[in-house]
1. The range 38-101: which trypsin sites (Lys or Arg not before Pro) are DSSP loop and have at most 14 other beta-carbon atoms within 10 angstrom?
2. Just want the ordering: THR29, THR24, from fewest to most Cβ atoms lying within 10 Å of their own Cβ.
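None of the figures in this text is laboratory data; all of them are computed from the coordinates on show. Not measured: the values here are computed from a predicted model. Note that we place each Cβ from the backbone using ideal geometry, even for glycine, and neighbour counts take in every protein chain shown.
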Amino acid sequence: MPKGSAAARKTCAGLLRGEAITITGGRETTETEFGFSVSKVTLVSRLQALLHSGDLRIPRALPDAAVLTRELQEFRVKYTDAGNATFNAREGEHDDLVLALAIAVFGLSETDAARSADLLFLNKRLFGV
């Protein structure tokens with residue numbers, strides 16, 4: 001079974017190791033030869049939904065939890081003159097951990113097998129939450 005095939009992807013709860021994520025400014029998510037092309041709005045909205053619902057929490061004991069929390073607080077949506085939403089950290093701030101977390105959430109949610117229960121299990125397994 002080829003590494004990037006849909007059948008291979010359905011055998012695990014999330015992205016396969018080594019699959020690429022290309023973040024785009026569009027609205028579509030497409031499967032590519034090496035992984036996925038996914039819009040930043042998709043990544044951010046999935047992360048926001050989990051944080052707002054309480055299904056994803058950031059344990060204080062997590063290394064860099066304070067940095068991640070600060071990055072989330074500094075993350076902003078701006079609208080272009082054409083009315084398109086753009087998501088970035090405030091000027092002079094960073095959003096590396098926010099995007100890394102958003103990619104991880106996307107990876108866990110991209111298969112039929114991945115549900116919020118998987119995210120809760122991951123939180124418990126990795127962070128004791």
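1. Working: sites: LYS40, ARG46, ARG57, ARG60, ARG70, ARG76, LYS78, ARG90; in loops: ARG57, ARG60, ARG90.
Here the trypsin sites (Lys or Arg not before Pro) that fit, given the DSSP loop and packing criteria, are ARG57, ARG60, ARG90.
2. On the way: THR29 14, THR24 17.
The fewest-first ordering by Cβ neighbours comes to THR29, THR24.
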